[in-house]
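The values are calculated or read from the model by the stated rules, or taken from the named source; none is laboratory data. Please read all numbers here as calculations on a predicted model, not as lab measurements. When we count neighbours, we look across all protein chains shown, and the Cβ atoms used for this are built from the backbone with ideal geometry, even at glycine. We work out accessible area using only protein heavy atoms, side chains counted, and drop any ligands, DNA or RNA first. Shrake-Rupley method; radii C 1.70, N 1.55, O 1.52, S 1.80 Å.
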Amino acid sequence: MNENILGQLTQLLEQRKSQKKTVSYVASLHAQGINKILEKVGEESIETILAAKDANLSGDNDAVIHETADLWFHTMVMLSHLGTDAKAVLDELNRRFEVSGFEEKSRRPKS
């Protein structure tokens, strides 16, 4: 397993960001803007949920793995568009590692 796949994907996304939108899917998403990127994140979220429901019934995780990869990919495109990356998310997860989920949630600002 490639432990640095998120780092490699982050670099690739940054490279593709500046390519012509006719050559790169990532560049075409960036050119269409945040709303299109968020639409893709939403679409992939729903597809992941549906695949997980199917996997729960069938015991076959292939589709949920595929859809989760699509979701992660499009989420990383979103982060890139916003000027951040997966490392920031991993840092946040690391920060939470020794904290109870209930405790971490109680520390969040109320909205």
task = Working only within the range 55-111, note down all residues that are hydroxyl-bearing (S, T, Y) and open to solvent by 60 Å² or more (accessible area, probe 1.4 Å).
result = S58, S106, S111
note = For I37, the lone unmet condition from (1) more than 17 Å from the chain's Cα centre (by Cα); (2) surrounded by 12 or more Cβ atoms within 10 Å (Cβ to Cβ); (3) not small (G, A, S) is (1)
remark   = Filtering the range 1-34 down to residues that are open to solvent by 70 Å² or more (accessible area, probe 1.4 Å), closer than 11 Å to H81 by Cβ and of a type in the set (G, A, S) yields none
key: Condition met for E47 (of a type in the set (D, E), farther than 14 Å from L79 by Cα and crowded, with 16+ Cβ neighbours inside 10 Å)   = yes
message = If I filter the range 91-102 for residues that are at pLDDT 95 or above, of a type outside the set (D, E) and under 24 Å from Q8 (Cβ atoms), do I get at least one hit?
response = no
message = Restricting to the range 87-109, name every residue that is charged (D, E, K, R) and under 16 Å from G7 (Cα atoms).
response = K87, D91, E92
query = So which residues in the range 1-31 are free of Cβ contacts under 8 Å to residues at least 60 places away in the same chain and among the hydroxyl-bearing types (S, T, Y), if there are any at all?
reply = S18, T22, S24, Y25, S28
